[in-house]
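Encoded as structure tokens, the structure appears first; notes follow it.
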């Protein structure tokens with residue numbers, strides 16, 4: 001596809017339910033990021049993948065959050081036992097190069113996000 | 001203290017005005033710097049990268065002061081279409097691979 005796609009676009013979950021959010025990055029992009037964006041705030045970093053390797057998961061808020069990118073392309077963010085504070089927009093971004101290369105090639109292209117509402 | 005701090009605004013300016021946004025960051029190991037733009041209920045999009053020598057793209061000028069850990073964005077001759085939230089972004093590639101976004105500065109340009 002031409003850009004980053006995410007599915008579903010909207011998800012309503014009952015508290016305690018598990019959810020899985022999917023990200024399809026731009027083909028050939030090495031880097032993939034997940035962010036959580038609360039209303040009125042900037043995106044908060046969750047985790048970073050370089051190909052299939054998860055190199056930084058320091059932003060995951062709890063062990064209920066888990067991300068994977070097993071073949072170095074599509075990624076899934078899973079949230080177990082959802083809580084109301086998990087309600088947010090979850091953004092996925094990809095970039096052509098590894099973050100080890102600074103500069104223009106680190107432009108991140110964002111998907112439209114998944115808006116998660118936990119009741 | 002937040003790792004990247006911005007004045008949240010909002011900035012309300014008339015068309016044709018010049019407006020400046022500032023941003024400070026706390027991690028001196030930060031390597032890359034950007035300004036992103038985010039329209040209401042849309043995803044962020046890159047506006048411009050920021051280099052130590054300063055860089056300009058049309059009506060937009062970005063500056064970086066590494067010594068003061070300060071980044072700025074200047075918009076000249078504001079257009080209605082410039083109305084958006086401007087996000088200051090800092091990334092590192094040592095000791096982690098985090099990309100840190102500021103909370104954003106809201107700009108409203110009015111006719």
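Descriptive notes on the structure:
- Antiparallel bridge percentage (DSSP; both residues within the range B:3-111; nearest 5): 90 percent
- Least to most buried among A:34, B:35 (fewest other Cβ within 10 Å first): B:35, A:34
- Neighbouring partner chain Cβ atoms per residue of A:37-43, average, 10 Å criterion: 6
- The range A:1-79-the range B:66-95 distance, computed between alpha-carbon centres (Å): 25 Å
- With neighbour counts taken as other beta-carbon atoms within 10 Å, the residues A:49, A:66, A:33 rank, fewest first, as A:66, A:49, A:33.
- Compactness check for the range B:1-58: Cα Rg over 2.2 N^0.38 Å is 1.30.
- Inverse of mean 1/r across different Cα pairs in the protein assembly as shown, Kirkwood, Å: 18.1 Å
- Residues A:26, B:100, B:71 in ascending order of nearby Cβ atoms (within 10 Å, fewest first): A:26, B:100, B:71.
- Note on residue B:3 and residue B:80: their simple-model spin labels are 3.9 nm apart, each label 7 Å out from Cα toward Cβ.
- The range B:29-101: C-alpha gyration tensor shape, a/c 1.5 cut-off, then a/b vs b/c: oblate
- Taking B:33, B:60, B:21 as the candidate residues, the one with maximal mean-square fluctuation in a Gaussian network model of chain B, Cα springs under 10 Å, is B:60.
- Mean separation of Cα contacts under 8 Å, 6 or more apart, over the residue count of chain A: relative contact order %: 36 percent
- The range A:43-107: relative contact order as a whole-number percent, Cα under 8 Å and 6+ apart: 21 percent
- Value of Rg to Rh for the range A:27-119 (Rh from inverse mean 1/r over Cα pairs, i.e. Kirkwood): 0.97
Bear in mind these aren't lab numbers, they're just calculated from the coordinates by the rules spelled out. None of these values were measured; they are calculated from a predicted model. Don't worry about glycine lacking a Cβ; one is built from the backbone with ideal geometry, like all the others, and counts go over all protein chains shown.
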